[in-house]
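Read the figures in this text as sums done on the coordinates, not as results from a lab. Note that this is a predicted model, so its numbers are computed, not measured. Cβ coordinates were reconstructed from backbone atoms using ideal geometry, including for glycine residues, and neighbour counts include every protein chain displayed.
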Amino acid sequence: KQEVTQIPAALSVPEGENLVLNCSFTDSAIYNLQWFRQDPGKGLTSLLLIQSSQREQTSGRLNASLDKSSGRSTLYIAASQPGDSATYLCAVTQGGSEKLVFGKGTKLTVNP
Amino acid sequence: DVKVTQSSRYLVKRTGEKVFLECVQDMDHENMFWYRQDPGLGLRLIYFSYDVKMKEKGDIPEGYSVSREKKERFSLILESASTNQTSMYLCASSLLYRANTEAFFGQGTRLTVV
């Protein structure tokens, strides 16, 4: 059974710092990996999707990488801002299934 | 702008009531999902549907049922609400067999069972 782990569970950084969030998964037979952002009490907003054949995707200050063979993905946030404060979740779509399996998230706080 | 809409942001129901949570998407997506989210447990899949009238159990289907009579609408039903079903419920949709497209989520329904 696929398991997705995100470390650390919480992270606090000063504004302007570059940071990396980590996601690992146990079964490398994935269809894609998606990073989401969740603000308190709200739904999930999709940030980046990486197909299993891709190595990375970029959107503005965000860069996500995927190493399928080692079961790892990272989300890099450049020049962090207080508005980046949120919980970041990664999810994989298992090959042969349409279901998303989620990690428990990393709660990011960017201090002014 | 793509959209997944859940019928209520907040609901308070009594123990034993039958509860309906509605979700509508306007993207013509085949897949629709219901998750619940609890502190420390993350998002857990309750039910999934990949077509009208089709459904598959997720990881925690006990105490829930679903209905998908139309492609755009996926309903979660709590047959007899209990206090341990107090949670945030999230609906999502995605295209079938498309590795290059994202899943989209609704805004969530915070359900409290008293």
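Place a point 7 Å from Cα of B:Asp51 in the direction of its Cβ. Which residues in the stretch B:68-111 have their backbone N less than 17 Å from it? Once the point is set 7 Å along Cα→Cβ of B:Asp51, B:68-73, B:94-98 turn out to lie under 17 Å by backbone N, inside the stretch B:68-111. Across the alpha-carbon set of chain B, the Rg to Rh ratio works out to 0.95, Rh being the Kirkwood radius. Setting aside same-chain residues fewer than 8 positions from A:Lys107, which lysines have a Cα under 18 Å from its Cα? Partners found: A:Lys42. Cross-link check: pairs A:Lys104/B:Lys18; B:Lys3/B:Lys53; A:Lys68/B:Lys70; A:Lys104/B:Lys53; A:Lys68/B:Lys53 evaluated at a Cα-Cα cut-off of 28 Å; pairs beyond the cut-off: A:Lys104/B:Lys18; A:Lys68/B:Lys70; A:Lys104/B:Lys53; A:Lys68/B:Lys53. Just checking the listed ones, B:Thr83, B:Thr101, B:Thr15: in the Gaussian network model of chain B with Cα springs under 10 Å, the one fluctuating most is B:Thr101. Here the dipole of the protein assembly as shown is about 380 debye; that uses its Cα centre as origin and unit charges on the Cβ of Lys and Arg (positive) and Asp and Glu (negative). About its Cα centre, chain B has a charge dipole of approximately 280 debye under the convention of +1 per Lys or Arg Cβ and -1 per Asp or Glu Cβ, with nothing else charged. Of the residues A:Leu62, A:Gln94, B:Thr83, the one whose Cα sits farthest toward the positive end of the charge dipole of the protein assembly as shown, with +1 on the Cβ of Lys and Arg and -1 on the Cβ of Asp and Glu, is B:Thr83.
Loop-resident trypsin sites (Lys or Arg not before Pro) (DSSP state other than H, G, I, E or B) in the stretch B:1-63 with no more than 14 further Cβ atoms inside 10 Å of their Cβ: B:Lys3, B:Arg9, B:Arg14, B:Lys18, B:Lys53. Cross-link partners for A:Lys99 among the lysines, with Cα-Cα distance under 17 Å and sequence neighbours closer than 8 places in the same chain left out: A:Lys1, B:Lys55, B:Lys57.
Among the chymotrypsin sites (Phe, Trp or Tyr not before Pro) found in the stretch B:1-99, those both in a DSSP coil and sparsely packed, with 11 or fewer other Cβ atoms within 10 Å of their Cβ, are B:Tyr97. Counting Cα-Cα pairs of chain A in 10 Å increments starting at 0 gives whole-percent bin shares of 15, 50, 29, 6, 0. Size descriptors for the protein assembly as shown (Cα atoms only): Rg and Dmax, in that order, 17.4, 51 Å.
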